[in-house]
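Working notes for the structure below.
The values are calculated or read from the model by the stated rules, or taken from the named source; none is laboratory data. Remember, it's a predicted structure, so these values are computed and weren't measured experimentally. Because the Cβ atoms are built from the backbone with ideal geometry, glycine has one as well, and the counts that use them run over all protein chains shown. The protein model used for the area step is the full one, side chains on, heavy atoms only, and it has no ligands, DNA or RNA in it. Shrake-Rupley method; radii C 1.70, N 1.55, O 1.52, S 1.80 Å.
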Amino acid sequence: MGTLQTASPLEGRTMQTPQFDSPVALWKLVPDRFGTDRSMRQEGEWTLGEAIGYVISQPVEEQWRFKIVSEKQSIDHLTMMRLASTSIFQSWDFS
């Protein structure tokens, strides 16, 4: 499996990102009945590209609730937005 190199301004270093067809888990913070946010794994099988596409299609005020988790890393909504704006993701998304 190859990797993409993307700059992560939040971390101030280079981040390894799996290819967009790599399997991942998609998690969402959901309030429980007491109002406490709990991390809930979203059902289904996801690839990195599908998960990014799904999250960026959600209302902006909800995107912060999502996180993508793979074997090697956890990706927050800000990083998803940066990845979605790359030409590599655009090529993958329209293929």
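Odds and ends about this structure:
- Residue tally, condition over 10 Å from the mean Cα position of the chain (by Cα) and within 17 Å of Gln19 (Cβ to Cβ), over segment 48-72: 2
- Where Glu11 falls short, out of the listed (1) out of contact with any Ser or Thr (no Cβ under 7 Å at 6 or more places or on another chain); (2) at pLDDT 90 or above; (3) under 18 Å from Ser85 (Cβ atoms); (4) not basic (Lys, Arg): (2)
- Residues of segment 38-47 satisfying the condition of being under 18 Å from Pro23 (Cβ atoms) and not hydroxyl-bearing (Ser, Thr, Tyr): Arg41, Gln42, Glu43, Gly44, Glu45, Trp46
- In segment 20-38, the residues that are among the hydroxyl-bearing types (Ser, Thr, Tyr) reach residues that are open to solvent by 80 Å² or more (accessible area, probe 1.4 Å) with C-beta atoms within less than 7 angstrom, at least six apart or across chains, in these pairs: Ser22/Met1.
- Among all residues of segment 23-46, there is none that is surrounded by 11 or more Cβ atoms within 10 Å (Cβ to Cβ), assigned to a loop (DSSP other than H, G, I, E, B), of a type in the set (S, T, N, Q) and at pLDDT below 90.
- Flag for Trp27 being touching a helix residue (DSSP H, G or I) at 6+ places or on another chain (Cβ under 8 Å) and under 24 Å from Gln90 (Cα atoms): no
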